[in-house]
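Engineer: My structure is below; once you've seen it, I'll send some questions.
The values are calculated or read from the model by the stated rules, or taken from the named source; none is laboratory data. Since the structure is predicted, the reported quantities are computational estimates derived from the model, not experimental observations. In this analysis, Cβ positions are derived from the backbone assuming ideal geometry, glycine residues included, and neighbour counts consider all displayed protein chains.
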Amino acid sequence: MKLPQPERSSTATGLLIVLVVVSIALTTVWYREGQRGPLHKTRLGVQVAAAPIGAVGEFVTRPIRGVISWVSDLGVSRSQLEALRQQNSQLRNQVATLEEARLENERLRALVNFVQANKLKSVGADVIGRPENSWEGVITIDKGTADGVQPDMPVVGAQGLLGQTTDVTSRSAKVRLITDPQSGVAALIQSNRAQGVVRGSIDGKVTLDFVSHETTVKAGDVVITSGVGGVYPKGLVIGEVTAVQNPPNSLYQDIQLAPASNLAGLEDVVVLVGATPKLSIGGPE
């Protein structure tokens with residue numbers, strides 16, 4: 001049995017033809033009329049009427065579009081995140097390297113200025129060894145007899161005296177700091193010229209011994225090398241007085257000192273080699 005075929009609507013075909021003809025006519029009129037033609041005016045009127053509706057739509061959909069943009073940004077690939085982490089790590093390393101170079105430059109400049117200002121013959125050295133125990137104040141430097149370093153030579157930092165060399169090899173040397181219990185430095189108080197001996201101790205404290213009760217000593221007084229004994233040139237800054245006590249049953253005052261140099265964080269030092277002149281320190285002789 002043959003099924004009936006659906007008949008095409010002649011009405012729909014005719015409507016399509018009419019719409020095509022109308023579109024062609026409107027397009028022709030649009031391009032031929034001026035900006036003040038009826039079609040242009042109609043289009044402008046529709047735009048003006050629809051503007052408030054468009055503004056409302058923009059306002060309503062803005063948060064939604066923001067969320068969509070944020071969610072799409074979360075789609076950064078794992079490889080991109082890893083690349084960013086590596087770049088951040090490299091930048092941190094570069095900053096740390098530059099900062100270390102800046103600090104080293106400042107330390108070395110201060111040492112050079114100290115040596116040049118006092119016209120001292122010297123050898124610069126790096127600290128390569130720390131004290132081996134808590135009661136010993138001895139460090140190791142990377143200069144020795146091959147560089148002109150000998151035992152019993154003064155070692156200084158940018159702020160003042162550190163100690164003296166002891167055991168010396170061809171490429172290294174031990175330096176006994178002024179905080180070491182075996183250290184003793186002939187010294188004087190810069191303001192009143194009272195003489196004594198600066199000593200270290202097991203607990204790392206530094207004292208000025210053998211100053212009589214008749215001498216006026218106060219906190220803040222600067223203590224320097226006296227030049228007695230021939231090891232240290234006169235005028236090297238050792239430190240300043242921090243506390244003074246007068247025990248009733250003692251012949252001398254108890255005077256505590258703060259070393260001028262930061263002995264705990266030493267990295268660069270200078271060894272005064274050969275004959276060293278008396279430093280210009282001011283004050284009465």
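Engineer: Residue pairs, Cβ under 8 Å, 6 or more apart or interchain, first in the range 205-225 and in the same structural domain as E136 (by TED's automatic domain parsing), second in a strand (DSSP E or B) and surrounded by fewer than 14 Cβ atoms within 10 Å (Cβ to Cβ). List them.
Structural biologist: Matching pairs, first to second residue: A219/A243.
Engineer: For a quick check of your reading of the model, give me the residue pairs whose first member lies in the range 154-181 and is within 18 Å of S261 (Cα to Cα), whose second is part of a loop (DSSP other than H, G, I, E, B) and among the basic types (K, R), with beta-carbon atoms closer than 9 Å and at least 6 apart or on different chains.
Structural biologist: Going by the 9 Å Cβ cut-off, the qualifying pairs are T179/K205.
Engineer: Just wondering, is there one or more residues in the range 180-200 that are in contact with a helix residue (DSSP H, G or I) (Cβ under 6 Å, 6 or more places away or on another chain) and either surrounded by fewer than 23 Cβ atoms within 10 Å (Cβ to Cβ) or under 22 Å from E267 (Cα atoms) (or both)? Write out each step before concluding.
Structural biologist: So in the range 180-200, the residues in contact with a helix residue (DSSP H, G or I) (Cβ under 6 Å, 6 or more places away or on another chain) come out as none.
No, every residue in the range 180-200 fails to be in contact with a helix residue (DSSP H, G or I) (Cβ under 6 Å, 6 or more places away or on another chain) and either surrounded by fewer than 23 Cβ atoms within 10 Å (Cβ to Cβ) or under 22 Å from E267 (Cα atoms) (or both).
Engineer: Taking T140 as the residue in question, decide whether it is hydroxyl-bearing (S, T, Y), touching a strand residue (DSSP E or B) at 6+ places or on another chain (Cβ under 7 Å) and surrounded by fewer than 16 Cβ atoms within 10 Å (Cβ to Cβ). Don't jump to the end; show me each part of the working.
Structural biologist: On the way: hydroxyl-bearing (S, T, Y): yes; touching a strand residue (DSSP E or B) at 6+ places or on another chain (Cβ under 7 Å): yes; surrounded by fewer than 16 Cβ atoms within 10 Å (Cβ to Cβ): no.
So T140 fails the test.
Engineer: Let me ask something else. Quick check, is R130 among the charged types (D, E, K, R), farther than 16 Å from V273 by Cα and surrounded by 14 or more Cβ atoms within 10 Å (Cβ to Cβ)? Talk me through it step by step, then tell me what you get.
Structural biologist: On the way: among the charged types (D, E, K, R): yes; farther than 16 Å from V273 by Cα: yes; surrounded by 14 or more Cβ atoms within 10 Å (Cβ to Cβ): no.
When the stated conditions are applied, R130 does not pass them.
Engineer: What's the total number of residues in the range 258-272 that are touching a Ser or Thr at 6+ places or on another chain (Cβ under 7 Å) and at pLDDT below 85?
Structural biologist: Of the residues in the range 258-272, 1 are touching a Ser or Thr at 6+ places or on another chain (Cβ under 7 Å) and at pLDDT below 85.
Engineer: Any chance you could count how many residues in the range 147-179 are crowded, with 22+ Cβ neighbours inside 10 Å, of a type in the set (V, I, T) and out of contact with any Gly (no Cβ under 6 Å at 6 or more places or on another chain)?
Structural biologist: Selection size over the range 147-179: 3.
Engineer: Please go through the range 226-248 and pick out each residue that is among the β-branched types (V, I, T) and at pLDDT 90 or above.
Structural biologist: To start, the set of residues in the range 226-248 that are among the β-branched types (V, I, T) comprises 228, 231, 237-238, 241-242, 244.
Passing the criteria: I238, V241, T242, V244.
Engineer: Looking at the structure I just gave you, is G229 assigned to a loop (DSSP other than H, G, I, E, B) and in contact with a strand residue (DSSP E or B) (Cβ under 6 Å, 6 or more places away or on another chain)?
Structural biologist: Numbers: assigned to a loop (DSSP other than H, G, I, E, B): yes; in contact with a strand residue (DSSP E or B) (Cβ under 6 Å, 6 or more places away or on another chain): yes.
Spelling it out, G229 is indeed assigned to a loop (DSSP other than H, G, I, E, B) and in contact with a strand residue (DSSP E or B) (Cβ under 6 Å, 6 or more places away or on another chain).
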